[in-house]
Amino acid sequence: MKQTTPVTPRQIRRSERRTEETAMWSAREEQTDGMHIPMPRIADSTPAQQKLTETVMNALRSIRSVSSPGEMTPRDLERQRRSQRILGRLAAPMLGLSWEPFDLEGMPAAWVRPERAASPRHAVLYCHGGGYTSGNLNYSRPLAAKLALRTGWPVLCFEYRLAPEHPYPAAPEDALRAWDYLMKLGYGARDVALLGDSAGGNLALVLTQTLRKAGRMPPRRLVLASPWTDMTCSGESYERCADIDPMLSPEYMHAVRDAYAAGLDWSDPQLSPLFGDFDGFPETLIQAGSNEILFADSARLHETLVAQGVPCRMECWEGMWHVFQMFPLPQADKAMDRAAAFLLDGM
């Protein structure tokens, strides 16, 4: 099996030119929630890729019916957590990497390290998704491994406490503990990038806001895959994509929100970072699938960051779903190539 090597910015620019020449994607305006947002729209390039995408989406729709409950009974919760543990084991490409679990002051954590590290002075802190109610180190492996292989940077995964057993603010407290651990190891804030998917994207944004509010330096850059940014669930894609999203449902999002933050003000930026202050935020890359109910969460975050002067790029992946980057698909590989090039650019 061929070993993945870090992607250089020059390689990604060359790849983008080839993509343009074959009309694989075009830059045009996407209208969402009455907004006009320029962004690259990246689509399948071959009938074979389209067929594979459709097959995977159909399989995911079947899985969603049993793994994305509309409530958080103990039985539903255990089924959801079990399905994510299995997904993590099946999807993680660990060739050329080491997996080093350890105890981080009582919190399970693990390093994903490339066997041939390109830059030992840089690292990624990965905040996993799962609606704040599921996800663990196994679930963290696919995205952590893909990014470590492509950047040559070690990735730190951590298993923050989950709701409903540990509701807000347990997860942000654990994220700050993981950040401080990296600082104690000798990394500077500018040496560390944050990666977050779904609720982990929410957590990465909340952590960055917390650091800035405390007068501390933010991370080097942010990479957000389908971030959950608005717990008021007011985005128009909740309705528009309800029937085509193979991963999430509005009922599921309401259930995990209630488990994590029952009785709280869901518009509080500590829960819905979309409504926060982004002064001093680092350069950000957002990737989202066109078929996901959280698309508007990404699109509105993109607009807000740009409006507040934060360098931000959003990519709309046509026909893709929530955190598609985890799956063994050509589009997932291309998305992770672009994420790696974003982090490596200007290092």
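Summary of computed values
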item	result
Where GluC sites (Glu not before Pro) fall in DSSP loop in region 287-347, at most 16 other Cβ within 10 Å	E318
Sparse-neighbourhood loop sites, GluC sites (Glu not before Pro) in region 126-227 - DSSP loop, at most 13 other Cβ within 10 angstrom	E165
Region 214-292: trypsin sites (Lys or Arg not before Pro) falling in loop per DSSP and having at most 15 other Cβ within 10 Å	R216
Which of V112, V192 has the fewest Cβ neighbours within 10 Å, and the rest in rising order	V192, V112
Normalised convex hull volume, region 96-138, alpha-carbon set, Å³ per residue	95 Å³
Extent along principal axes [Cα atoms of region 215-259; Å; largest to smallest]	41, 22, 17
For C127, C233, order by how many other beta-carbon atoms lie within 10 Å, fewest first	C233, C127
Cβ-based exposure ranking for S272, S290, in which fewest neighbours within 10 Å come first	S290, S272
Separation between Cα centres of region 184-257 and region 267-289, rounded to whole Å	7 Å
Per-selection metrics, region 151-205 (Cα): Rg and Dmax in Å	12.0, 36
Cα coordinate range in region 275-347, projected on the principal axes (Å, largest first)	37, 33, 14
Dimensionless Rg/Rh of region 191-315 - Kirkwood Rh, Rg from C-alpha atoms	0.96
Amide H partners (placed H, <5 Å) of L97, local residues excluded	E115
Over region 183-222: Rg over Rh, Cα atoms, Kirkwood Rh	0.98
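No lab work stands behind these numbers, since they all come straight from the coordinates. Since the structure is predicted, the reported quantities are computational estimates derived from the model, not experimental observations. All Cβ positions, even for glycine, are placed from backbone atoms using ideal geometry, and neighbour counts span all protein chains on display.
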